[in-house]
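Here's the structure we're looking at; comments come further down.
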Amino acid sequence: MRRSLALGAAALLAVSACSVGSNTGGSGGDKEITFLTFETPNLTPAYWDAAIKRVTDKNPGIKVKKLVAPTADGRTSYAKQLLQSGQFPDVMIAVDSAGFAEAGNLYAWTPDELKDFQFPQANPVNGKYYQLPANTQTIPPIYYNKKMFADAGITAPPKTWDELVTDAGKLKDKGYSPFTIGGGKDGFPSSMILSGLVSTEVYNTMPDWLTQRRQDKVKFADPAFQHAFAKLADLAAKGYVDKTSVSRDYAATEQAFLDGKSAMYPMGNWFAANADSKKHDFEVGVFNFPTEDGKLVVPAYTGGGMIVNAKAANLDAARKFALGFQLDKDQLDASVKADGLFPAIKGYTPPSDVGPTFKAGYDLYTQAVQQNAVVHAFRWETADDGLLPGMKDKVDQAAQDVITGRKPVADACAFLDTEWAKAG
């Protein structure tokens, strides 16, 4: 099995690699590194090529061979395949450091290298920091179709969970599908509502819940987690979440919302970039994920940056490229416009010409920071703060099982506890 996995990774690598460098021309002195990327509706091949060139133009002598993960959500699994086949990339972006770091495969960033980041102590692994804490993402705010809300007589976005459920009923009565969800090969769109529920309800009262789960002090089957999960089941039972949509991949899910197929789209703040740039015939609004009592609680994740292979042949070039990519003002501006990111870099200010959806979401996040109302985003945490390796896919599966009615909430939670024991 391991041999076939390695051969599969080698075949994928052969068809997904291309070189991008500066305009200085190739020379014997160039230091070549491999860089694992992933593609989404926002992060296209053209985006990555331009980003790499932007950095290598300012760092002549570095040549980059771009690698592309087969799926956006499978990039960490793909990195594991490449490691097993002896082709571990030199630099990887938004790949979970857990597992790789403990095995000695990743370079640990020094305090001096982290001095320009707002949250240098994000995502620790046994007290060391292997992933550059480059961006903050709110996961998930809820984007909505303002025209559908107005047609349904909804005059203001909901702040409490009961208000959200009531509004969903009004939308359904008007003939609109309340929520856009997906899944398919990407998985995570199906668990977005669950992420919001656990973050705002469980983490709000027990911010270290996942740490306690690692210590076996709490379980998924405990009442607090089941109570949050049951609200997703209730939405599905009322027909507010279309159970047939869990097979729809991420790109198709986003397009369905932009095409006006439903009224609300729970998704990470990166959607704002496409909401502001892609064609649609309605105004997009955004509101924070509602809470049980209306208290402001905003789930967010800081990280998603680059990790570097500790055994890279050109380690200095890999480190220089990674830091150059994450700290360059022009590249940060490009990432904001392409992927709606909130760069977690000291002194950084987004460009003045960002779109209205991005600005609205950024303002919501800024208010949450000012009110100390930010919590971890369940499922999206990494390293010592995150789920055990392999558990993100299990969370997606559990959400899909509940949405489709294949499992009641109690069985889905028991499944997560069983899989956790296997992963540990």
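Any read-out appearing in this document is the output of simple, stated calculations on the displayed coordinates, not a laboratory observation. All values reported here derive from a predicted model rather than from experimental measurement. Positions of Cβ are backbone-derived with ideal geometry, glycine not excepted, and every protein chain shown enters the neighbour counts.
For the pairs LYS63/LYS359; LYS337/LYS394; LYS238/LYS407; LYS261/LYS295; LYS231/LYS359, flag any whose C-alpha to C-alpha distance is greater than 28 Å.
Numbers: LYS63/LYS359 35 Å; LYS337/LYS394 32 Å; LYS238/LYS407 16 Å; LYS261/LYS295 30 Å; LYS231/LYS359 30 Å.
Beyond 28 Å: LYS63/LYS359; LYS337/LYS394; LYS261/LYS295; LYS231/LYS359.
Couplings 3J(HN,Hα) of the range 47-62, computed from phi: 4, 5, 4, 5, 5, 4, 5, 4, 7, 5, 4, 8, 10, x, x, 9 Hz, in residue order, whole Hz [Karplus 6.51 cos²θ - 1.76 cosθ + 1.60, θ = phi - 60°; x for Gly and Pro]. The residue list PRO290, VAL336, ALA368 was ranked by how far each Cα lies along the charge dipole of the range 244-390 toward its positive end, using unit charges on Cβ atoms, and VAL336 comes out on top. Charging the Cβ of each Asp and Glu at -1 and of each Lys and Arg at +1, and nothing else, the dipole of the chain about its Cα centre rounds to 720 debye. Here the relative contact order of the chain, from alpha carbon pairs under 8 Å that lie six or more residues apart, stands at 24 percent. Once a ≥ b ≥ c are taken as the square roots of the eigenvalues of the Cα gyration tensor of the chain, is the result rounded (a/c under 1.5), prolate (a/b larger than b/c) or oblate (a/b not larger than b/c)? It comes out prolate by the Cα gyration axes. In terms of other Cβ atoms within 10 Å, TYR203, TYR144 run from fewest to most in the order TYR203, TYR144. Expressed as an acute angle from 0 to 90° and rounded to the nearest 10, what is the orientation of the C-alpha long axis of helix 329-339 relative to the principal long axis of the chain? Helix 329-339 sits roughly 40 degrees off the main axis of the chain.
Using modelled amide H (1.01 Å from N, peptide plane; none on Pro or chain starts), what sits under 5 Å from the amide H of TYR129, excluding residues fewer than 5 places away? Amide H neighbours of TYR129, under 5 Å, 5+ apart: TRP109. Within straight-line reach of LYS392, meaning a Cα separation under 17 Å, sit the following lysines at least 8 residues removed in sequence or on another chain: LYS80, LYS185, LYS219, LYS422. Here the extension length gained between ASP173 and LYS311 equals 43.8 nm, from 0.36 nm per residue of separation less the Cα-Cα distance. Remark: PHE179, PHE415, PHE119 ranked as PHE119, PHE415, PHE179, counting other beta-carbon atoms within 10 Å and listing the fewest first. Dipole orientation for the chain: of the candidates GLN255, GLY196, LEU43, LEU43 has the Cα lying most toward the positive pole (charges on Cβ; Lys, Arg +1; Asp, Glu -1).
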